[in-house]
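Here is the structure we will look at.
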Amino acid sequence: MSRSIATRTGDDGTTGLLYGQRVPKDHPQIEAVGACDELNVALGAVKSLLARGPRGATASSLLTTVQKNLVALMGELACADADAKRYAKSKFEKLATSDVTRLDAAVAALEARGLKFDNWATPGANARATAFDLARVAARRAERRIATLSASGRCVRLEIRQFVNRLSDLMWLLAREAEQ
């Protein structure tokens, strides 16, 4: 018999962290994970609008890798502080400095193309640019939720904060490129 997605364990307004602790559904960790989940969906929507050809395939491959990174990041954020050592020793994939470096390289490559932009962006030039801008604001929301975790005493590794920050920068540049 297959398992149902409807466990009914959340009917009381709580949800489970990675190793089973129950927290309110509006707990800061759940807010951060939810914001990253929304970002992951926004990246999937962007991928569906990428142009065919080598440049689109390269962007799609990068976004797929980023989505996998986000899943790893969400796993770490969904772990209670008390289980941090257990998580660190686990076989779960973890965000690494090389993942941040990959985003830095993508930002540098876009900036090297000499994108033209002045002042504040006005989203909406076309569907692809708008999708990138939606992903950008989702990344900024995730960044704020992660900052809230840090401010409330939750240990959040530097690579996580850097990754989401660089990702929002990358989405901004990709939106500007899509406008042109």
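The values are calculated or read from the model by the stated rules, or taken from the named source; none is laboratory data. Not measured: the values here are computed from a predicted model. Quick reminder, even Gly has a Cβ in these numbers, built from the backbone with ideal geometry, and neighbours come from all protein chains shown.
A count restricted to segment 49-70 and to residues that are within 22 Å of R161 (Cα to Cα), surrounded by fewer than 16 Cβ atoms within 10 Å (Cβ to Cβ) and β-branched (V, I, T) stands at 2. Are any of the residues in segment 77-94 part of a loop (DSSP other than H, G, I, E, B), more than 13 Å from Q180 (Cα to Cα), of a type in the set (D, E) and in contact with a helix residue (DSSP H, G or I) (Cβ under 7 Å, 6 or more places away or on another chain)? Yes, because at least one residue in segment 77-94 is part of a loop (DSSP other than H, G, I, E, B), more than 13 Å from Q180 (Cα to Cα), of a type in the set (D, E) and in contact with a helix residue (DSSP H, G or I) (Cβ under 7 Å, 6 or more places away or on another chain). Among the residues making up segment 91-127, those that are more than 14 Å from L170 (Cα to Cα) and in contact (Cβ under 8 Å) with a residue 60 or more places away in the chain are L95, A96, T97, K116, A127. Considering segment 161-173, the residues that are closer than 16 Å to M74 by Cβ and among the hydrophobic types (A, V, I, L, M, F, W, C) include one that is surrounded by the fewest Cβ atoms within 10 Å (Cβ to Cβ), namely F163.
Could we say that L158 is surrounded by fewer than 20 Cβ atoms within 10 Å (Cβ to Cβ), under 15 Å from the mean Cα position of the chain (by Cα), closer than 14 Å to L73 by Cβ and among the aliphatic types (A, V, I, L, M) here? Yes.
In the set T130, T122, only one residue is closer than 20 Å to V46 by Cα, of a type outside the set (D, E, K, R) and touching a Pro at 6+ places or on another chain (Cβ under 6 Å); that residue is T130. Just one of the listed residues (A59, A42) is at pLDDT 95 or above, assigned to a helix (DSSP H, G or I), under 19 Å from the mean Cα position of the chain (by Cα) and not β-branched (V, I, T), and it is A42.
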